[in-house]
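Written below as structure tokens is the structure these notes are about.
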Amino acid sequence: MKEFDLHEVTLKDTFWRNYQRIVREETIPYQYQVLNDALDIDVQAERKDDSLPAGKSHALENFRIAARQTEGTHFGWFFQDSDVYKWLESAAYSLVNQKDSALIDSIDEVVELLAAAQEEDGYLNTFFQLTRPELKYRQLYFSHELYCAGHLVEAAIAYDLATGKKQLLEIAEKNVRNIMQYFGREANQIQGADGHQEIELALVRLYEHTDNETYLALADFFLEVRGENPDFYEQEIAENAALGLSAEQPAIDLTYLQAYDQPKNQREAKGHAVRLLYMASGMAKVAQYTKDSALITACEAIWKDIAYKKMYITGGVGGTVHGEAFIGAYDLPNDTMYCETCASIALVQFSFEMFKLTQEHHYLDVLTQALYNGVLAGASIDGKQFFYVNPLEVMPESCRHNPGKGHVKTQRPDWLGCACCPPNFARMISALQRFVYTQEGNTLFINLFVASHLKRTNQFTIEQIGDFPFDDQMTINYSGIAQKIIIYKPKWLKSFQVDSQQVWHETDQALIFEASTKVTARITFQQPVQMLGANPLVTQDINQAAIQRGPFVYCLEESDNGKGISQCRIPIDSVAFTITESQKLLPRTLEIDVAGFQSQRWGQEALYLPLSEEYAPKKWRMIPYHLWGNRGEGEMRVWLPLAMQLQTGNNIK
């Protein structure tokens, strides 16, 4: 299954076009200034730890120092270069949506800087160039060298697609050639993989962009070699010590690195969440071309383990701050979780690659859940503040005093010392149209209800007309070569009706129009407000409900309801919902009023009292989860306790 060139797809959707406008007009210029240390802003560490970088970005200055244009020392995380690469990628994709000569000049200036910083042999990583050049490719357990290289590759592809300019692509391919000299199956080459995956999926994209099969082979190599020798990282450390290059003796956690076994043999989501999902995305991309049954089996098992046992209702993943990692099945704490924005972005990517691999629509269910909730929550509505961690429950006083919640921020910071999430958010939103349509042979897939226009010259045009997710209908117009059209039916939409003269039929997950040169269809559906419960094995959510309408999960926020939202009780039967349109956050937002109760008030100083049914009626207002935290600090909650139904009479003896 193939994606379409972004130039072929034009978004007309008011919801996503607004987000792309915010990213283009606000986020990208803002992030460029941050990367240049040109703003006086609050740059916070991602969690409470005085040893973590904070205060500034310094990312572009690191390149200037490496290029010998200025003097100084490296500042920030050892993977700081990737912040620049992801900014370049988001800026490039933004150019596809709207040309901007000033932005092109800024990009070209950064590209020239990268060219000046790159060494003659193609190596490019400012941390190792400036702090430990003797240890290039010799500390893979932490180095992120190939992770950064992967993001450089993805930025280069984006800029080539956007402008046709080749310089950044030449820098990236030169860097990959350097990697190919050092890594491989020859006796004098490194037979190991970077601790943080990313190069794998980037190399497949480079193969797709250039048709150079050596890139696909290298991606396959990095997947095959990971975990092949479980002692690889320990041997690397010992060799560095023996050669007098480094006395560091870190503890190696192979589960954290997904190196406890080869990826093709893994069946569970373990370790660092973003690393796992980047690896799995690379596995799925490689398998699309190699048809490797072992990789496919592993991908399917890992995805199911996430979607059915380890994913939050918002599409967030990663249950603990310790290692930013997956934890056990059905263990989903709402107030101490991690749910890194990058992890939701990576889950969108993994699910998309699995859909392309299998053509199974349940992968799109998770893609949309993560996209509309977990991803969008990562940035403020002005595009200038960002979450690293995305909680499902926030009590500000608890976050301040509980050291176990030191990573849970009650407001989005201006920037983060570990700033992987802000430019990652920007690059996904800028390239949103890549998810809308795909094609396999003479079958065209509509994967998202997003008002848009797709034109493939001399072949066909298709458009979606409507204002989803606010309105309950979409019109599909297609003309061109004879194709089957398969339209994904999101599981959270009900009662589909199709008005069309063309032959079509319906499955549980899709509307299917048989091959035709012309299709016009008006599709109507319902977006009911749903009360969702969690599997009873998720003990954190027992006797609680989450509210969802369309793709949006909703939450209570103090701004609308006052303090004490933990006292909210929702009746399990005969609950009444009222939908109200508002413009107070985005140009168009649907809020939900819930007719519920407020639990008993404690009229005396007591930590515990006998249970009672003393509820007061109260209307609770809910907003889409992705919009929380934009109106000052306050309480927030996604899962709402159900009203208690105490047994009466002599049932208990």
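The values are calculated or read from the model by the stated rules, or taken from the named source; none is laboratory data. Treat the numbers as computed from the prediction; the structure is a model and nothing was measured. Note that we place each Cβ from the backbone using ideal geometry, even for glycine, and neighbour counts take in every protein chain shown. These accessible areas exclude ligands, DNA and RNA; they are computed on the full protein's heavy atoms, side chains included. Shrake-Rupley method; radii C 1.70, N 1.55, O 1.52, S 1.80 Å.
What about Glu109, is it acidic (Asp, Glu), open to solvent by less than 40 Å² (accessible area, probe 1.4 Å), in a helix (DSSP H, G or I) and at pLDDT 95 or above? Spelling it out, it is not the case that Glu109 is acidic (Asp, Glu), open to solvent by less than 40 Å² (accessible area, probe 1.4 Å), in a helix (DSSP H, G or I) and at pLDDT 95 or above. Could you tell me which residue of segment 2-17 is nearest to Gln473 (Cα to Cα), considering only residues that are over 19 Å from the mean Cα position of the chain (by Cα) and open to solvent by less than 30 Å² (accessible area, probe 1.4 Å)? Ranking the candidates gives Asp13 first. Across segment 262-305, the qualifying residues are those that are within 17 Å of Ser351 (Cα to Cα) and of a type in the set (Val, Ile, Thr), and the one among them that is most open to solvent (accessible area, probe 1.4 Å) is Thr297.
Any idea which of Glu463, Glu440, Glu397 is of a type outside the set (Val, Ile, Thr) and farther than 30 Å from Val498 by Cα?
Result of the check over Glu463, Glu440, Glu397: Glu397.
Per the listing Ile28, Ile65, the residue uniquely in contact with a Gly (Cβ under 6 Å, 6 or more places away or on another chain), open to solvent by less than 50 Å² (accessible area, probe 1.4 Å) and not in a loop (DSSP other than H, G, I, E, B) is Ile65.
Go through (1) in a loop (DSSP other than H, G, I, E, B); (2) without any contact (Cβ under 8 Å) to a residue 60 or more places away in the chain for Arg138 and report which single condition fails. Only one criterion is unmet by Arg138, namely (2).
Being open to solvent by 10 Å² or more (accessible area, probe 1.4 Å), among the β-branched types (Val, Ile, Thr), over 26 Å from Tyr19 (Cα atoms) and out of contact with any strand residue (DSSP E or B) (no Cβ under 6 Å at 6 or more places or on another chain) is a property that Thr73 has.
Restricting segment 459-471 to residues that are of a type outside the set (A, V, I, L, M, F, W, C) and closer than 17 Å to Trp16 by Cα leaves a set whose member that is nearest to the chain's Cα centre (by Cα) is Pro469. The single condition from (1) in contact with a Phe, Trp or Tyr (Cβ under 6 Å, 6 or more places away or on another chain); (2) of a type outside the set (Asp, Glu); (3) open to solvent by less than 60 Å² (accessible area, probe 1.4 Å) that Leu537 fails is (3). Checked across segment 316-336, the condition of being of a type outside the set (Lys, Arg), without any contact (Cβ under 8 Å) to a residue 24 or more places away in the chain, out of contact with any helix residue (DSSP H, G or I) (no Cβ under 8 Å at 6 or more places or on another chain) and outside any loop (DSSP other than H, G, I, E, B) holds for at least one residue. Checked against (1) touching a residue at least 60 places away in the same chain (Cβ under 8 Å); (2) closer than 27 Å to Phe15 by Cβ; (3) in contact with a Lys or Arg (Cβ under 6 Å, 6 or more places away or on another chain); (4) part of a strand (DSSP E or B), Ala515 passes all but condition (2). The set of residues in segment 543-572 being of a type in the set (Val, Ile, Thr) and under 27 Å from the mean Cα position of the chain (by Cα) consists of Ile547, Val553. Would you pick out the residues in segment 31-46 that are open to solvent by 70 Å² or more (accessible area, probe 1.4 Å) and charged (D, E, K, R)? Selection gives Asp40, Asp42. Residues that are open to solvent by less than 30 Å² (accessible area, probe 1.4 Å), of a type outside the set (Phe, Trp, Tyr), within 27 Å of Val408 (Cα to Cα) and modelled with pLDDT of 90 or more: does segment 614-623 have at least one? Yes, there is a match, as at least one residue in segment 614-623 is open to solvent by less than 30 Å² (accessible area, probe 1.4 Å), of a type outside the set (Phe, Trp, Tyr), within 27 Å of Val408 (Cα to Cα) and modelled with pLDDT of 90 or more. Restricting segment 573-600 to residues that are within 18 Å of Glu614 (Cβ to Cβ) and in a loop (DSSP other than H, G, I, E, B), the residue that is nearest to the chain's Cα centre (by Cα) is Ser599. Can you confirm whether Ala238 is more than 22 Å from the chain's Cα centre (by Cα), of a type in the set (Gly, Ala, Ser) and either part of a helix (DSSP H, G or I) or at negative phi (or both)? Judged against the criteria, Ala238 is a match.
Any residue that is on the phi < 0 side of the Ramachandran plot and modelled with pLDDT under 95 - is there at least one of those in segment 531-549?
No, segment 531-549 contains no residue that is on the phi < 0 side of the Ramachandran plot and modelled with pLDDT under 95.
Scanning segment 350-373 for residues that are closer than 18 Å to Thr297 by Cα and polar (S, T, N, Q) gives Ser351, Thr358, Gln359.
Selection of first residues in segment 184-196 that are touching a residue at least 40 places away in the same chain (Cβ under 8 Å) and of second residues that are in a loop (DSSP other than H, G, I, E, B) and open to solvent by 40 Å² or more (accessible area, probe 1.4 Å), restricted to Cβ pairs under 8 Å at least 6 apart or on distinct chains, gives the following pairs, ordered by first then second residue: Gln191/Arg185; Gln191/Glu228; Gln191/Asn229; Gly192/Asn229.
Within segment 428-468, the set of residues being among the hydroxyl-bearing types (Ser, Thr, Tyr), crowded, with 19+ Cβ neighbours inside 10 Å and closer than 20 Å to Pro490 by Cα comprises Tyr437, Thr438, Ser452.
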